[in-house]
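Pasting in a structure now, in structure tokens, and then I'll have a few things to ask.
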Amino acid sequence: MRIDLTNLYAEALDMLKTWRNRYSKNEYPYKIAVNIFYRQYTMNSIWDCDLDNSFDEYKGVEIDILESFRILETVYANTSQKFIGGDILINLMNEKDDRGGLNYKDILPIVLRAQSGDNASVEEGSVI
């Protein structure tokens, strides 16, 4: 059985459209930037917790790729919870360290220009 990544892509586009309708033109670029870092911190956290050991209970057991994908989705969902609430994520972003080659201080000028209505910055930010 195949994992259809086009569904994930479609879901991401739907989320962007939802946010575009939900947030003002001023809030929208910031919300996208926060989401990028939310996902990046979650992924880094999963790798930091020694992902290899996450499947120890399945050693020697036949497990299909879909079950593995489901397990990773669960690990991702559980890990992401630690970045929700309060200013945890915002504080991490403001520490200005790189996450997966991204640094909030580097994209902040793009966000600020996009918030002020610079459409070229909106397009520039969409390729980050």
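Got a number for carbon plus sulfur as a percent of segment 9-52's accessible area, 1.4 Å probe? Can you show the working numbers first?
On the way: 1610 of 3000 Å².
The value for segment 9-52 is 54 percent carbon and sulfur by accessible area.
Just grab the label-to-label distance for Tyr23 and Glu62, each label 7 Å out from Cα along the Cβ direction, in nm (one decimal).
4.7 nm
Moving on to the next point. Accessible area per residue for segment 52-97 in Å², computed with a 1.4 Å probe and the full protein assembly in place, what is it? Can you show the working numbers first?
Numbers: 3310 Å² over 46 residues.
So segment 52-97 comes to 72 Å² accessible per residue, rounded to a whole number.
Next question, about the same structure. Measure off 7 Å from each Cα along the Cα-to-Cβ vector at Asn7 and Leu112, then give the distance between these two points in nanometres to one decimal.
In this crude spin-label approximation the distance works out to 4.2 nm.
Accessible area, 1.4 Å probe, largest first: how do Glu73, Glu62, Glu57 sort? Don't skip to the answer; put the middle values down first.
Numbers: Glu73 95, Glu62 180, Glu57 140 Å².
Descending order: Glu62, Glu57, Glu73.
Turning to a different aspect of this structure: For Ile46, Ile65, give me the order by solvent-accessible area with a 1.4 Å probe, most accessible first, ignoring ligands, DNA and RNA. Could the numbers behind the result be given before it?
Working: Ile46 10, Ile65 110 Å².
Order by accessible area, largest first: Ile65, Ile46.
The values are calculated or read from the model by the stated rules, or taken from the named source; none is laboratory data. Predicted model, so just to flag it, every value in this text is computed and none were measured. For neighbour counting, all protein chains shown are included, and Cβ atoms are generated from backbone atoms with ideal geometry for every residue, glycine included. Just so you know, the surface numbers come from the protein's heavy atoms only, side chains and all, with ligands and any DNA or RNA stripped out. Shrake-Rupley method; radii C 1.70, N 1.55, O 1.52, S 1.80 Å.
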